[in-house]
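The values are calculated or read from the model by the stated rules, or taken from the named source; none is laboratory data. Small disclaimer: the values here were computed from a predicted structure and weren't measured. Don't worry about glycine lacking a Cβ; one is built from the backbone with ideal geometry, like all the others, and counts go over all protein chains shown.
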Amino acid sequence: MYSLDINFLKDRGIQPDPVTRSSKPTPRGAMTPLYIGVAVGLLLPALVGGLWFVLQQQIAQKESEKAKLDAELAQLQIEEKKVAQLNEQIAKVNEETTSLASVFDQIKPWSAMLEDIRERIPPGVQISSLQQTQVAATQAAAPAAKAATAPKPAASPNAKAAPNAPKAAPTAPRPTMKLEISGRARSFDDVNYFLLTLQRSPFLKREETQIVKAELVKDPGKVEVNRRNLQNQPSGTVTYELPKSVQYTIQTNLTDVPASDLLRELDRKGAVGLVTRIKTLQEKGVIQQ
């Protein structure tokens, strides 16, 4: 049998391209980008893994340091509480010491005050009684009580409270010591002069020293003279009445000046013991000079 081989392309005058296969070798640098890509692909996970390992090590170190700092902070808080307790005890002792020192600083010895009054008595004045009374300072305490109950201004939000600041203890107002001097004088001028000398006393309040009573009264005293002692006089007794005198009453208040400010006067009036105690407290810093 015969087979027909018909080539339609050849009949149309079209020649097919021969299949060419290159047997040339691949250039040396053509694979470099591929190698670089593979290296980068492998390097990035290794780098991320290394960074993650380093970060984990640092986190563990920081956590260890944090635990150590927390333990130190707890210990410091305990020590801070102890310091606060010691500060409270110191403040309490200082308060008690100041209160005790203020007692000495408020003492006015009667011996010194009586000596001062005695030196100021004019020749024509006599003192028959001297009385001390204690008056509660209710009127003086009223303004202080209002000030204590008054609302305090709001504190600034940025203001910080002072640590371990001692709280101000409420102090009760001290009573007023009133002194009343009564007696007799030859005249009103003598009474006025006695008043002026008392107003210059460092132990008394000048503005509160005043005469509350002064009147001319009959002197109850009498003088009896036996006539036998008189020449050319019959026997018997003669009674003479004394001239009228001024009966007065002066009221004053003791000064609030601390005794530490009156050391010179107290020393002059013989209060050596109190002066020595106050000077000792000043040397130790308990009382400010």
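Among the residues of the stretch 219-255, those that are at pLDDT 85 or above and not in a strand (DSSP E or B) comprise K244, T255. Determine whether the stretch 242-259 contains at least one residue that is in contact with a Lys or Arg (Cβ under 6 Å, 6 or more places away or on another chain) and exposed (fewer than 15 other Cβ atoms within 10 Å of the Cβ). Checked against the condition, which is being in contact with a Lys or Arg (Cβ under 6 Å, 6 or more places away or on another chain) and exposed (fewer than 15 other Cβ atoms within 10 Å of the Cβ), the stretch 242-259 yields at least one hit. Of the set (1) out of contact with any helix residue (DSSP H, G or I) (no Cβ under 6 Å at 6 or more places or on another chain); (2) at pLDDT 75 or above; (3) surrounded by fewer than 16 Cβ atoms within 10 Å (Cβ to Cβ); (4) within 30 Å of N94 (Cα to Cα), all apply to F188 but (4). Scanning the stretch 97-120 for residues that are at pLDDT 90 or above and outside any helix (DSSP H, G or I) turns up at least one hit.
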